[in-house]
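Scroll down for the structure; my scribbles are underneath it.
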Amino acid sequence: MKLHALAPARLELDEALAYYADIHPDLADVLFKEIIRSRKLIEQFPHAWMNMGHGVHGFIVRGYPYTIVYEVLGEDIWVVAYAHHKRRPAYWRKRLQQIPK
């Protein structure tokens, strides 16, 4: 399995890392390591995580208020959002149209 991220998702991650780095650099470092760990688990077991409907899955990032929202298409995994738990639900749904199919 190969993991990809849509541009808006990459931007969300960059913004989250910058936010935590402003608070304390160690927080951003820990978040980044958790994202890497989470992505590896998603690659290993793509269908094991929360089913969010419409073929979309979610992986809750340990220790941070984020869910990695992704869709599995064949051998590709597309991260649609690094969704903060306080954002409006399913704001990322329109991004599903951006996934190359």
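The values are calculated or read from the model by the stated rules, or taken from the named source; none is laboratory data. Just so it is clear, the model here is predicted, and its values are computed rather than measured. Cβ placement follows ideal geometry from the backbone for every residue including glycine, while neighbour counts extend to all protein chains displayed. Quick note on the areas: whole protein, heavy atoms, side chains included, nothing else; ligands and nucleic acids left out. Shrake-Rupley method; radii C 1.70, N 1.55, O 1.52, S 1.80 Å.
A few points about this structure:
- Highest-fluctuation residue, L73, L31, L13 considered, GNM on the chain with Cα pairs under 10 Å: L73
- Subtracting the Cα-Cα distance of E15 and H84 from their residue separation scaled by 0.36 nm leaves 23.7 nm.
- Charge dipole magnitude, Cβ of K and R +1, D and E -1 - the chain, Cα centre, debye nearest 20: 360
- Karplus-derived HN-Hα couplings along segment 51-68 (A = 6.51, B = -1.76, C = 1.60, θ = phi - 60°), whole Hz, x at Gly and Pro: 7, 9, x, 6, x, 9, 10, x, 10, 7, 6, 5, x, 9, x, 10, 10, 7
- Ranking L96, W78, L27 by how far each Cα lies toward the positive end of the dipole of the chain (charges on Cβ) leaves L96 at the top.
- Mean ellipticity per residue at 222 nm, deg cm²/dmol - from DSSP H runs of n ≥ 4 across the chain, formula -39500 (n - 2.57): -12500 deg cm²/dmol
- Sparse packing (at most 14 other Cβ atoms within 10 Å of the Cβ) combined with a DSSP loop state is found for the following GluC sites (Glu not before Pro) in the chain: E75.
- Computed from Cα positions, the angle between helix 7-23 and the longest principal axis of the chain comes to roughly 20 degrees.
- Taken per residue, the accessible surface of the chain reaches 59 Å², heavy atoms only and a 1.4 Å probe.
- Shape of segment 27-101, Cα gyration tensor, a/c cut at 1.5: oblate
- Solvent exposure, largest accessible area first (probe 1.4 Å, DNA, RNA and ligands not counted), of W78, W92: W78, W92
- Carbon-plus-sulfur accessible fraction, the chain (probe radius 1.4 Å, protein heavy atoms only): 57%.
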